[in-house]
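In what follows, a structure is listed as structure tokens, so that the remarks can point back to it.
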Number of protein chains: 2
Amino acid sequence: MRLSLNDARRLARDTLVKIGYREDELDSPVAHLMDSEMRGLDYAGFARILSIADRHRKYGPPAQGMTVSRDSPVSALVEGHDQLGYIVGQKVTDLAIEKAEATGLALVGGNDTWYTGMLSFYAEQICARGLVAMIYSNAAPWVAPHGGTEGRFGTNPICFGFPCGDEPVIWDIGTSEIIHAQVMLAKRLGQDLPEGVAFDVAGEPTTDPDAALEGAFAPWGGHKGSGLAMVVQMFGMMAGSAHLPEYMSGFGMVTVAARPDLLRDRAEFEAEVAAYSRAVRETRPVRGGPPVRMPFDRSRRDRAAVIERDWIEIPDEIHARILEI
Amino acid sequence: MRLSLNDARRLARDTLVKIGYREDELDSPVAHLMDSEMRGLDYAGFARILSIADRHRKYGPPAQGMTVSRDSPVSALVEGHDQLGYIVGQKVTDLAIEKAEATGLALVGGNDTWYTGMLSFYAEQICARGLVAMIYSNAAPWVAPHGGTEGRFGTNPICFGFPCGDEPVIWDIGTSEIIHAQVMLAKRLGQDLPEGVAFDVAGEPTTDPDAALEGAFAPWGGHKGSGLAMVVQMFGMMAGSAHLPEYMSGFGMVTVAARPDLLRDRAEFEAEVAAYSRAVRETRPVRGGPPVRMPFDRSRRDRAAVIERDWIEIPDEIHARILEI
């Protein structure tokens, strides 16, 4: 189903209101879901709304009462009280920006939440204020450590952002071979997973999304990538997450924002980042290969194209289930 | 050549003094080099002393006059003025600890330096004070980005540390398939590199260390790992490094230290990290595989064994060249 961006935005908003969210808390979540769709990350767009609806069907209506504690000039903790991560993550971001602008450096945690979304969405906001961003967000233990077959960390995204005028450098990855939302989308569409990305509950390799959801996903990047995922898990724990949180609740996140002028003139730093981006894009490619890209180049280009054409395509199965809500 | 730890320590210290270092600045560099040898990272131990000597043969005697600027309650910049990275890195670490203990959070940069060593050496010190560590250190562009064949970043280590009594969790990796010191060691020992880790100056794959040093190393971890290496490069730039520093000078580093009690009671956090470490080690291994390890488990065990037996083995070629100095 093809929808104009405005129609898609309205559909996302109306659906979340039907699920039980308040109009006045939806600006950031809707912008976030739309951003995922516009960047071509379909598993994190409208498909995610279905996952949010499923979660509320199981655990009751949206929570209220997010609070801020442990407030200091350089830090704060946003206690989610089971609030949706898109909302908690936005509050963490707002506080990190506010404190870093005032003192130069801030570390803000969020906890007792679920589905923090694409960390690049927050990093872009931090970079737009001329700040460097470091963001870590843990989740339930769906992913096995290197050499293991049982979940010990989430698909744990990690993200860094560096300000650079209108083209900040954003690096945002999931630390598993496949992310939870991709498995959920494969399940919804009745598709198999690729080989080598999941184990079933007995520890044997599987390509079945249901078996993978009962078992564990494989980590990305061997022992190095597996270690990075554990790092993210421990940042979540620093914010108050249990070390092995329950399925779809009790996740944590930590955001660090820093003013570059703690160490160097901001304009000079941004010029250096711009020069670096050019140097990377001009690298001689491997024989016969495409031009080298900077992180986020593809997302930025895809999003600009979608905004220009002013429509997105949503799989009919997903659209039909959204309308059911 | 087998040396007792005391003899090895004395040899390292005497050799660095011969090269031109002052006795009173050598405690940390000697401990650092010894730590690398004791952990079995031979390329970063005595072999590194030869590389330091080579560098001074080319660029003159050790620099003096490291200074601290841009001092704030949460930050500082250590300007190396071409001082050895082992010394600059220690100063950065000391300041990060001091400031984070006082304010809860600190970001300290170092620049105009070279050879910052194993970041885990600094992270262990930060964790020993009950602080969380994030450390990024860039270098000259020896490594090609994913899909490219020309150097655009260093073998850029990145390290995170989480306090946990006597067993902090330390994750410390190089973001290339092979690190510079390993190529230098292969060159010194007349060995080939493995397949797939380097390009020659024309952009073709090579296993010859000399050709690799003229060309570029391959990144680790495909586009994700390549992006992480760029992140580290940009942190170096934040501290004042040029975006493509010259061979063996002008490197930068950034260290962030944070008190866990910004977000959570320290003892409770350390207990959670300990519980997590146990849960990871108890993960069911892949069929027929060895037990799952936490990052740093092997280093900690190897080092304890070396301290127990009280000797290290240094390749005769390396030992002979050390004695020449």
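In region B:196-206, how many are more than 11 Å from every other protein chain (Cβ to nearest Cβ) and either part of a helix (DSSP H, G or I) or within 24 Å of the chain's Cα centre (by Cα) (or both)? Of the residues in that region, 3 qualify.
Residues in region B:130-171 that are of a type in the set (D, E, K, R), more than 9 Å from chain A (Cβ to nearest Cβ) and in contact (Cβ under 8 Å) with a residue 40 or more places away in the chain: 1 in all. Screening residue B:33 on (1) crowded, with 22+ Cβ neighbours inside 10 Å; (2) within 29 Å of residue B:274 (Cβ to Cβ); (3) away from chain A (no Cβ under 12 Å); (4) in contact with a helix residue (DSSP H, G or I) (Cβ under 6 Å, 6 or more places away or on another chain) shows it passes everything except condition (2). For residue A:213, the stated conditions do not hold, so it cannot be described as closer than 30 Å to residue A:125 by Cβ, in a helix (DSSP H, G or I) and outside the structural domain of residue A:248 (by TED's automatic domain parsing).
A search for C-beta distances below 6 Å between a residue of region B:34-47 that is charged (D, E, K, R) and any residue that is open to solvent by less than 10 Å² (accessible area, probe 1.4 Å), counting only pairs 6+ apart in sequence or on different chains, returns B:37/B:45; B:37/B:312. Screening region B:277-321 for residues that are within 30 Å of residue B:20 (Cα to Cα) and either basic (Lys, Arg) or assigned by TED's automatic domain parsing to the domain that holds residue B:190 (or both) and picking the one that is modelled with the highest pLDDT gives B:303.
It is to be established whether one or more residues within region A:79-96 are within 11 Å of chain B (Cβ to nearest Cβ) and over 30 Å from residue A:18 (Cβ atoms). Checked against the condition, which is being within 11 Å of chain B (Cβ to nearest Cβ) and over 30 Å from residue A:18 (Cβ atoms), region A:79-96 yields no hits at all. Within this structure, residue B:187 passes the test of being over 19 Å from residue B:150 (Cα atoms) and open to solvent by 30 Å² or more (accessible area, probe 1.4 Å). When A:221, A:236, A:227 are checked against the criterion of being at the interface with chain B (Cβ under 7 Å from one of its Cβ atoms) and crowded, with 24+ Cβ neighbours inside 10 Å, a single residue qualifies: A:227. Quick check: is even one residue across region B:93-109 in contact (Cβ under 8 Å) with a residue 60 or more places away in the chain, within 24 Å of residue B:27 (Cα to Cα), open to solvent by less than 10 Å² (accessible area, probe 1.4 Å) and touching a Gly at 6+ places or on another chain (Cβ under 6 Å)? No, because not a single residue in region B:93-109 is in contact (Cβ under 8 Å) with a residue 60 or more places away in the chain, within 24 Å of residue B:27 (Cα to Cα), open to solvent by less than 10 Å² (accessible area, probe 1.4 Å) and touching a Gly at 6+ places or on another chain (Cβ under 6 Å).
Might you let me know whether region B:175-186 holds any residue that is out of contact with any Phe, Trp or Tyr (no Cβ under 9 Å at 6 or more places or on another chain) and hydroxyl-bearing (Ser, Thr, Tyr)? No: zero hits.
Every condition in (1) touching a helix residue (DSSP H, G or I) at 6+ places or on another chain (Cβ under 7 Å); (2) more than 19 Å from residue A:254 (Cα to Cα); (3) open to solvent by 50 Å² or more (accessible area, probe 1.4 Å) is met by residue A:73 except one, and the failing one is (2). Return a yes/no flag: does region A:153-160 have any residue that is open to solvent by 20 Å² or more (accessible area, probe 1.4 Å) and of a type in the set (A, V, I, L, M, F, W, C). No, the conditions are met nowhere in region A:153-160. Give, as residue ranges, the helices (runs of 4 or more DSSP H) completely inside region A:248-325 that count at least 2 residues that are at the interface with chain B (Cβ under 7 Å from one of its Cβ atoms) and open to solvent by less than 70 Å² (accessible area, probe 1.4 Å). Qualifying helices (runs of 4 or more DSSP H): A:266-281.
The values are calculated or read from the model by the stated rules, or taken from the named source; none is laboratory data. Everything numeric here is computed off the predicted structure, so don't read it as measured data. Glycine also receives a Cβ, built like all others from the backbone with ideal geometry; neighbour counts cover every protein chain displayed. Heads up: the accessible areas ignore ligands, DNA and RNA and are worked out on the full protein's heavy atoms, side chains in. Shrake-Rupley method; radii C 1.70, N 1.55, O 1.52, S 1.80 Å.
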